[in-house]
Ligand code: DGJ
């Protein structure tokens, strides 16, 4: 399975968080970001650098902010993702230098249909693109000189790009593109590409091969598709030029098209890599490694929908922004196991601390999920996309989860929080350090890896796993195998041990479970690390 980020040439599963937009303006403002990363146990931090600080005066470059971020990551032993806040930040252009803001004839702003200026620069203006590109290249040159590859995993180019306030740019510059011929490379792509939404829209308009954007895509969708062409080619050019200097992975994050009433330019910046246009965007941005959804949906169905739409060919699934809450924790585990998620970042980590600098209670289960991911990281990187990863993620009201592992079936049981309170009332025996029933008052969550041949690794909290070997129906249905109580006492363990993975990926045993500690199934907790079980087959 491909990854978006790599470290020393190997896939790197990033478990990170992003600081608030204004936090990197000074060292002092950034303090809580570093602290929160530590409290959450993250391995990566994502921090914006602003074009307006980098090049406050045209042609003069100041790397103070970049150095602060780079050195901070090194000091705090964190991997780093730099966010290039430049032409676009959430469909607006706040982060451009004042000399860009003030030269309206040189740098074209997108206009509404009534010819009012929006807060967004036009994606079709070459002067703006060249100015952004020049500054980005300076950033890349500097990062290269600083040998940033020791900590830098990648760069987000722009932030949630597109026009907000208008579905397309109605300025003279924008009109010229919109009323002009659809470029030949798009015509060719349309006829050759597999089925996708842009192709379907084109077909519904009679699949023309010459004409302007409206001829190709009709009156409803042409504006978004034309804007997507402008934005994707613009950012690709910025990324291409930057990578020529310093070749690190780049990605573009996406304000989802599925938000609110879903109207491009109103509810969503028009021209970003929404699911409607993602395949075309991918085609037009060969120098960008990932088109990555910012997913703030907490419910499992919407989350799943977005994971499916963004795990398309050559697009490693990475979520650059999300919420640090229990629901997201569950969604993340599912996405890791079933959608090949290659990294997860939550947003606004510096506001997750209270006045004493402690993590707020609402982020506690997210922190546990971070611990689970960190413990399992070497296995996630190794078994991504192989079908050997399984997630325990307790949905509302769910009391257990069934798994078919092939030569074993398993059931994660003893779900307590909002689940079935009729399961084993004393939660089974755990060990001397885990006898408090409050440890079950969490959503059951975790990851299971079944390597095969009776060998399991798992980490999680709020459940235990009971296994039944799939041999004969008589064996599977016998009393001692089917009851949870008897099941725990009839497992043929060869090894059952708690441990962790070291730097080289070797499993180091911390404790061997025997007797009472193994009689009630494979119980987990977020502070016991990884459980390794080898059973007779
Ligand atoms: C999405 C943006 O990309 C972030 O920079 C930030 O503004 C968040 N929204 C706020 O929720």
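The values are calculated or read from the model by the stated rules, or taken from the named source; none is laboratory data. Note that this is a predicted model, so its numbers are computed, not measured. Every residue, glycine as well, gets a Cβ built from its backbone with ideal geometry; the counts of neighbours run over all protein chains shown.
Values as computed for the structure displayed
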{"read-out": "Selection within the stretch 450-466 - assigned to a strand (DSSP E or B) and farther than 11 Å from residue 535 by Cβ", "value": "451, 452, 457, 458, 459, 460, 461, 464, 465, 466"}
{"read-out": "Matching entry among 248, 252, 198, 187 (being at pLDDT 95 or above, assigned to a helix (DSSP H, G or I) and either within 16 Å of the ligand (Cβ to nearest atom) or within 28 Å of residue 320 (Cα to Cα) (or both))", "value": "198"}
{"read-out": "Qualifying position, being closer than 22 Å to residue 83 by Cα, part of a helix (DSSP H, G or I) and assigned by TED's automatic domain parsing to the domain that holds residue 336, among 241, 273", "value": "241"}
{"read-out": "Restricting the stretch 497-537 to residues that are in a helix (DSSP H, G or I) and touching a residue at least 60 places away in the same chain (Cβ under 8 Å), the residue that is surrounded by the fewest Cβ atoms within 10 Å (Cβ to Cβ)", "value": "516"}
{"read-out": "Count - residues of the stretch 480-496 that are farther than 18 Å from residue 537 by Cβ and assigned to a helix (DSSP H, G or I)", "value": "6"}
{"read-out": "Residue within the stretch 90-106 that is within 16 Å of the ligand (Cβ to nearest atom), within 22 Å of the chain's Cα centre (by Cα) and surrounded by fewer than 23 Cβ atoms within 10 Å (Cβ to Cβ) present", "value": "yes"}
{"read-out": "Some residue of the stretch 319-340 being surrounded by fewer than 24 Cβ atoms within 10 Å (Cβ to Cβ) and closer than 29 Å to residue 189 by Cα", "value": "yes"}
{"read-out": "Single condition residue 119 does not satisfy, out of (1) closer than 27 Å to residue 350 by Cα; (2) touching a strand residue (DSSP E or B) at 6+ places or on another chain (Cβ under 8 Å)", "value": "(1)"}
{"read-out": "One residue from 46, 73 being within 16 Å of the ligand (Cβ to nearest atom) and surrounded by 19 or more Cβ atoms within 10 Å (Cβ to Cβ)", "value": "46"}
{"read-out": "Boolean, residue 42 is under 23 Å from the mean Cα position of the chain (by Cα), closer than 24 Å to residue 342 by Cα and part of a loop (DSSP other than H, G, I, E, B)", "value": "yes"}
{"read-out": "All positions within the stretch 250-296 that are at positive phi and surrounded by fewer than 23 Cβ atoms within 10 Å (Cβ to Cβ)", "value": "260, 262"}
{"read-out": "Some residue of the stretch 126-148 being surrounded by 22 or more Cβ atoms within 10 Å (Cβ to Cβ), assigned to a loop (DSSP other than H, G, I, E, B) and at pLDDT 95 or above", "value": "no"}
{"read-out": "Top-ranked residue in the stretch 13-39 [being surrounded by fewer than 18 Cβ atoms within 10 Å (Cβ to Cβ) and not in a helix (DSSP H, G or I); ranked as farthest from the ligand (Cβ to nearest atom)]", "value": "26"}
{"read-out": "So residue 83, is it away from the ligand (no atom under 16 Å from the Cβ), at pLDDT 95 or above and either surrounded by fewer than 24 Cβ atoms within 10 Å (Cβ to Cβ) or under 19 Å from residue 62 (Cα atoms) (or both)", "value": "no"}
{"read-out": "Residue 66 vs. criteria surrounded by 21 or more Cβ atoms within 10 Å (Cβ to Cβ), within 16 Å of the ligand (Cβ to nearest atom) and touching a residue at least 40 places away in the same chain (Cβ under 8 Å)", "value": "no"}
